[in-house]
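Each remark here refers to the structure printed beneath this line.
The values are calculated or read from the model by the stated rules, or taken from the named source; none is laboratory data. Bear in mind that the values here come from a model prediction, so they are computed numbers and not experimental data. No Cβ is skipped: glycine too gets one built from the backbone with ideal geometry, and neighbour counts run over all protein chains shown. We work out accessible area using only protein heavy atoms, side chains counted, and drop any ligands, DNA or RNA first. Shrake-Rupley method; radii C 1.70, N 1.55, O 1.52, S 1.80 Å.
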Amino acid sequence: MKEIANYKLVEIGKFSLTGVSILSICIAIISTYFILFIIRRSLLNSKELAVHDKGRRTSIYILLKYFLWTFSFTFCFRLLGFDIGILLAGSAALLVGLGFGLQGVFYDLISGIIMLVERKIRVGDILELKDKVGKVKEISLRTTLLLTRDEEEIIVPNHKFIADDVINTSYNSFCRRFSIELSVGFNEDIEKIKTILIECALKFDLILRDDEKQPKVRLSKFGDQALHMELLYYTKEVFRIGFLKSDLRMEILERFREENIKFPSPNYTLQFQSEIPPNKKSE
């Protein structure tokens with residue numbers, strides 16, 4: 001029986017494949033899967049985890065997964081008779097060439113390790129990255145998967161989160177100011193409009209009403225045919241801000257109709273110009 005187990009099925013130089021080595025490799029791979037399964041259940045299967053805590057534990061699990069699989073594959077290669085040190089030394093020139101060609105990939109890998117270790121960006125966080133806003137669904141070593149406001153999934157290279165300015169809106173103390181812009185006629189009662197706009201904003205629980213973050217109204221500029229105003233407000237609802245803005249605009253529109261406040265007509269300019277007599281060529 002021992003001779004059958006040690007029988008060399010394949011032998012090429014120092015490389016040999018026996019029944020024992022095949023069995024050992026299978027045990028190593030199955031053991032790695034089993035250990036990762038236990039770790040995942042221990043870290044991530046609690047339903048009472050907060051979003052931030054779940055993101056932190058997911059980062060720890062990813063790091064452990066890469067480490068265990070690296071160790072497992074190294075062990076399997078040694079069972080097959082490969083000397084990893086000689087293999088790496090012999091392929092040094094090839095690795096240097098690949099390094100120049102794949103330096104962007106390595107940059108993403110290093111950035112991914114930094115993100116997983118520092119945990120400043122976690123699964124469930126809402127990020128603003130230049131013109132993109134998305135919720136983090138998955139962080140891997142090379143890329144991060146974001147879910148946008150339009151329910152689209154985009155893959156972002158990890159170096160973007162290291163090299164570019166990133167706003168993490170998921171911290172408890174974070175809030176951001178937004179605005180609703182509108183135009184009204186010169187003859188409208190500005191104080192009345194200001195009161196209506198603030199009342200409309202305070203109807204929404206998602207809009208903050210602290211002393212320093214009360215909704216405010218300002219007259220931004222004088223237009224040619226209208227007064228341009230802004231309703232400024234603070235909220236922590238950044239990811240779905242488009243729906244909040246829409247609801248707020250509809251509330252303002254309804255109140256303006258009730259109070260008979262009219263927006264400037266689009267054809268006001270044409271009517272105004274038609275009332276001016278044309279200049280005479282010569283008098």
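Numbers below:
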| quantity | calculated |
| --- | --- |
| Accessible surface of T195 - all protein chains present, 1.4 Å probe, nearest 10 Å² | 70 Å² |
| Nearest-20 debye value, region 106-179 charge dipole, Cβ charges on Lys, Arg, Asp, Glu | 260 debye |
| For region 32-43, 3J(HN,Hα) per residue [Karplus equation, 6.51 cos²θ - 1.76 cosθ + 1.60, θ = phi - 60°, Hz, x = Gly/Pro] | 5, 4, 5, 5, 5, 5, 5, 5, 5, 5, 5, 8 |
| Region 123-206: C-alpha gyration tensor shape, a/c 1.5 cut-off, then a/b vs b/c | prolate |
| Global form of region 164-210, assessed from the alpha-carbon gyration tensor, a/c cut-off 1.5 | oblate |
| Cα-centred dipole magnitude for region 101-227, charges only on beta-carbon of K, R (+1) and D, E (-1), debye, nearest 20 | 300 debye |
| Interchain or long-range residues, amide H under 5 Å from D125's placed H | V136 |
| Residue list for region 109-131, given a label point 7 angstrom along the Cα-to-Cβ vector of F178 and an amide N cut-off under 19 Å | 125-131 |
| Spin-label pair L109/E259, simplified geometry with 7 Å Cα→Cβ offset, distance in nm | 6.2 nm |
| Estimated inter-spin distance, L44 and E128, nm [label 7 Å along Cα→Cβ] | 3.0 nm |
| Three-way shape call for region 100-167 based on the alpha-carbon gyration tensor, with the a/c threshold at 1.5 | prolate |
| Label-zone membership for region 195-212, site L219, 7 angstrom Cα→C-beta point, backbone N under 15 Å | 195 |
